[in-house]
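Here is the structure we will look at.
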């Protein structure tokens, strides 16, 4: 039995093989960052990818006498963060209060740990700007038409109104630091479109259905947030959540 705490990264999950490789790579990067800490992955949408988060929590609670720290790898707190993660903890502990107290759920990736008013995570803002800068680096430069550097922050969307509020705060934080054009947000629904003067920055960590929809919409595509050069900011933000949960 392990004596130290375990980090469980809660991912959405995907059927896409490349997306599965992405989450495996990101989990490995966090494992390397948290040297000496056991880091594993669990998936909230068990219909598309295993192991289910509840099963992972059950196994980890049995494997350590310390805390099991769940890190929600989500840009905004939609249904999966607001319901599924807590439900998985209930299933894993069978409602036992003592066991449930050992499951520590950190704030999700998109929330600033130091601001209780709902500001976006600064490292997430940095990641978006790094992704946009990578796309700008491939541009021709001074001969671009007006508006050619405008950004579209593309999100998966949610039925939770609070998600829209979170994404708008993220958009505003990015716009406050982005000097090359306008910044707008759009949901990756069936009508999603990017014009030829815009750069699409997917607010996604891994490839899958929504990343494919962003790619197919046209415009210039920025790297996903789980890819270089944004990924270092993402890994550091996830690590900060774990370290904060265990008091380091």
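Among the residues that make up region 5-17, is at least one of them modelled with pLDDT of 95 or more and out of contact with any helix residue (DSSP H, G or I) (no Cβ under 9 Å at 6 or more places or on another chain)?
Yes - at least one qualifying residue is present in region 5-17.
Being in a helix (DSSP H, G or I), at pLDDT 95 or above and touching a strand residue (DSSP E or B) at 6+ places or on another chain (Cβ under 7 Å) is the filter; apply it to region 41-72 and report the residue that is surrounded by the fewest Cβ atoms within 10 Å (Cβ to Cβ).
Checking each candidate, the answer is 61.
Which condition from (1) out of contact with any helix residue (DSSP H, G or I) (no Cβ under 6 Å at 6 or more places or on another chain); (2) over 30 Å from residue 48 (Cα atoms); (3) touching a residue at least 24 places away in the same chain (Cβ under 8 Å) is the one that residue 174 breaks?
(1)
Please enumerate the residues belonging to region 87-112 that are modelled with pLDDT under 95 and within 23 Å of residue 155 (Cβ to Cβ).
Across region 87-112, there are no qualifying residues.
Looking at (1) modelled with pLDDT under 95; (2) in a helix (DSSP H, G or I); (3) surrounded by 21 or more Cβ atoms within 10 Å (Cβ to Cβ), can you tell me which one residue 23 breaks?
Of (1) modelled with pLDDT under 95; (2) in a helix (DSSP H, G or I); (3) surrounded by 21 or more Cβ atoms within 10 Å (Cβ to Cβ), only one is false for residue 23: (1).
In the set 245, 239, 217, which member is buried (at least 16 other Cβ atoms within 10 Å of the Cβ) and more than 30 Å from residue 5 (Cβ to Cβ)?
Step by step, each of 245, 239, 217 is checked, and only 217 is buried (at least 16 other Cβ atoms within 10 Å of the Cβ) and more than 30 Å from residue 5 (Cβ to Cβ).
Look through 226, 212 and report the one residue that is crowded, with 23+ Cβ neighbours inside 10 Å, modelled with pLDDT of 95 or more and not assigned by TED's automatic domain parsing to the domain that holds residue 35.
None of the others qualify; the one that does is 226.
The values are calculated or read from the model by the stated rules, or taken from the named source; none is laboratory data. Quick caveat, the model's predicted, so the values are computed rather than measured. Reconstructed Cβ throughout: ideal geometry from the backbone, glycine too, with neighbour counts over all protein chains shown.
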